[in-house]
1. Show the residue pairs that are 6+ apart or on different chains and have beta-carbon atoms under 7 Å apart, the first residue being within the range 80-91 and closer than 15 Å to residue 69 by Cβ, the second being among the polar types (S, T, N, Q) and surrounded by 11 or more Cβ atoms within 10 Å (Cβ to Cβ).
2. In the range 76-86, what residues are part of a helix (DSSP H, G or I) and surrounded by fewer than 11 Cβ atoms within 10 Å (Cβ to Cβ)?
3. Checking the conditions here, which among 66, 46, 58 is open to solvent by 70 Å² or more (accessible area, probe 1.4 Å) and touching a residue at least 24 places away in the same chain (Cβ under 8 Å)?
4. Among the residues of the range 19-41, is any in a loop (DSSP other than H, G, I, E, B), on the phi < 0 side of the Ramachandran plot and open to solvent by 80 Å² or more (accessible area, probe 1.4 Å)?
Amino acid sequence: QGFFPDQYTYPLGRAFTMSGGYDLWLKVGGLIGLWAPVLLIAKQQLSNVAVPIASTRLVARPLFYLCCQATSEVVFRRVTAPLPIRILLPVMHNTV
């Protein structure tokens with residue numbers, strides 16, 4: 001698709017993006033940000049409580065929205081949407 005300078009491909013720098021510390025940071029962020037809410041929701045669903053607990057409601061809506069955002073970004077990358085559209089998509093999701 002053309003040449004992209006390193007500042008666009010690796011905005012944090014090539015050495016930092018390829019480092020083990022950054023990889024660990026991403027894994028911990030994924031664990032806390034995605035899997036902890038999923039496990040909380042699963043725990044509440046398996047406990048057979050008739051009324052959902054407030055903590056489950058608190059994490060379910062943002063988690064659903066995050067999954068919708070990730071899915072739409074994957075679809076836009078696969079159909080090779082133009083770069084301005086791909087940049088606009090996260091901005092659009094964050095303004096809602």
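The values are calculated or read from the model by the stated rules, or taken from the named source; none is laboratory data. A quick note: this is a predicted structure, and the numbers were derived from the prediction, not measured. Counting neighbours? That spans all protein chains shown, and the Cβs are built from the backbone with ideal geometry, glycine included. Ligands, DNA and RNA are excluded from the accessible area calculation, which covers all protein heavy atoms including side chains. Shrake-Rupley method; radii C 1.70, N 1.55, O 1.52, S 1.80 Å.
1. Close Cβ pairs satisfying both conditions: 89/72.
2. Residues satisfying the conditions are 78, 84.
3. Going through 66, 46, 58 in turn, the sole match is 66.
4. The answer is no, given that none of the residues of the range 19-41 is in a loop (DSSP other than H, G, I, E, B), on the phi < 0 side of the Ramachandran plot and open to solvent by 80 Å² or more (accessible area, probe 1.4 Å).
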